[in-house]
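Worksheet: the structure to be examined is printed underneath.
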Amino acid sequence: MGSATNETTSDSFISDKSAKIFVAGHRGLVGSAIVRKLQALGYSNLVLRTHAALDLTRQTDVESFFATEKPQFVVLAAAKVGGIHANNTYPADFIAINLQIQTNVIDSAYRYGAKKLLFLGSSCIYPKFAPQPIPEDALLTGPLEPTNEWYAVAKIAGIKMCQAYRIQYGWDAISGMPTNLYGPYDNFHPENSHVLPALMRRFHEAKVKGAKEVVVWGTGSPLREFLHVDDLADAVVFLMNKYSGLEHVNVGSGKEVTIKELAELVKEVVGFEGELVWDSTKPDGTPRKLMDSAKLAGLGWTPKISLKDGLVDTYKWYLENVKQ
């Protein structure tokens, strides 16, 4: 693992705009943002495959793809994701599909000569009662949140796989763990979307109907951290250029808002004029969930998009793209 090879790998990513880059999962919230970022920076040789064209759970298909295309850089943003209900209903899917995708992609990327791979996980890899803000070394120090442990175990395996290939082969595989993300191409489904897109949809529909009030679960007191997906994409490019370490890196905004502050902000951005009512008989969830992103800040990266600006951008996308 000579540092010299790491340096040249890093430099060549930013300087060679014709380098072949495979973004796995390019249609999702994260993958689409990474593609937008790379295209904006002038990368002209992106290798993209829809799920119909390449099923990443099929080992032989993935191997033949890598054997043919031989991408120099790989960003692994493909995953099976879902909320609490989906995780509880389909635990086998969440562990098996994610393990298959990442095992196939990581192994084939190494075997067919990719210079560098970045694996993206999620903040749910950390123990349920991790210290706040959550540092990278909290990994594997306690039990996981039971509702999404199948997904979390798969993501932890991905981090460990990248580390193992670095240790055994000296291969430049790194991992980034983003906090709660939002932005264009988010899931605005009425039942199984996350808190921010769910609020946006509910306020929008209430506004359209001229409703007098919107009822939100809980007290509004829990603290949450949000990062615009375009900031994550910026961090991905930064890490591909600047980081070649064994440990995974947290990617967060470092800023917390209460669910109440978030709801008020979404209400304002959407332009809903009615009342916001809190149903405190409903559960609040974890009181606080913040990532410690000091390591990434120390490397020289900080987010640029404020929550308000990010919400305005997301609502604009919602109006143009989500069937009303």
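FYI, it's all coordinate maths here, none of it is from the lab. Predicted, not measured: the structure shown is a model, and the values here were computed from it. Neighbour counts run over all protein chains shown; Cβ positions are idealised from the backbone, glycine included.
Averaging 1/r over each pair of different alpha-carbon atoms in segment 169-324 and inverting the result gives 16.9 Å, the Kirkwood hydrodynamic radius. Only helices enter the 222 nm calculation for the chain: every DSSP H run of n ≥ 4 contributes -39,500 (n - 2.57), and dividing by all residues gives -14500 deg cm²/dmol, rounded to 500. For the chain, the alpha-carbon radius of gyration amounts to 1.00 times the rule-of-thumb value 2.2 N^0.38 Å expected for a compact globular protein.
Most fluctuating residue of A53, A294, A78 in a GNM of the chain with Cα springs under 10 Å: which is it? Residue with maximal mean-square fluctuation among A53, A294, A78: A53. Taking every alpha-carbon pair under 8 Å whose residues sit at least 6 apart, segment 61-194 reaches a relative contact order of 30 percent.
With each label modelled as a point 7 angstrom along the Cα→C-beta vector, the N187-K255 pair spans 2.6 nm. Other residues with beta-carbon under 13 Å from the beta-carbon of A206 carry, at +1 per Lys or Arg and -1 per Asp or Glu, a net charge of +2. In this structure, K128 and L299 have a Cβ-Cβ separation that, at R0 = 30 Å, corresponds to a calculated FRET efficiency of about 0.60.
Can you give the relative contact order of the chain as a percent, counting alpha carbon pairs under 8 Å and 6+ residues apart?
Answer for the chain is 19 percent.
With a cut-off of 13 Å between beta carbons, the residues surrounding A40 carry a summed charge of +1, where Lys and Arg count +1 and Asp and Glu -1. The charge dipole of segment 256-324, taken about the Cα centre with unit charges on the Cβ atoms of Lys, Arg (+1) and Asp, Glu (-1), comes to about 320 debye, rounded to the nearest 20. Here segment 1-153 is treated with +1 on each Lys and Arg Cβ and -1 on each Asp and Glu Cβ, and its dipole about the Cα centre works out to around 480 debye. Working from Cα pairs under 8 Å separated by at least six residues, relative contact order for segment 174-282 is 45 percent. Given +1 at the Cβ of Lys and Arg, -1 at the Cβ of Asp and Glu and no other charges, the dipole of the chain around its Cα centre is 400 debye to the nearest 20. Projected onto their three principal axes, the Cα atoms of segment 34-99 cover extents of 41, 29, 18 Å, largest first. FRET efficiency for the pair A53 and V322, taken as 1/(1 + (r/R0)^6) with r the Cβ-Cβ distance and R0 = 22 Å, rounds to 0.30.
Of interest is the spacing of the C-alpha centroids, which for segment 93-117 and segment 178-213 amounts to 32 Å.
Comparing P127, L296, Q100 along the charge dipole axis of the chain, the residue lying farthest to the positive side is Q100, per the Cβ-charge model. Selection among A24, G274, V251 by position relative to the dipole of the chain gives A24 as farthest towards the positive end (Cβ unit charges, Cα centre).
Among beta bridges identified by DSSP and lying wholly in the chain, the antiparallel ones come to about 10 percent.
Taking the chain as a Gaussian network of alpha-carbon nodes connected by springs under 10 Å, the highest mean-square fluctuation of the residues L262, L299, L38 belongs to L299. Taking N as the residue count of segment 69-163, its C-alpha radius of gyration divided by 2.2 N^0.38 Å amounts to 1.14.
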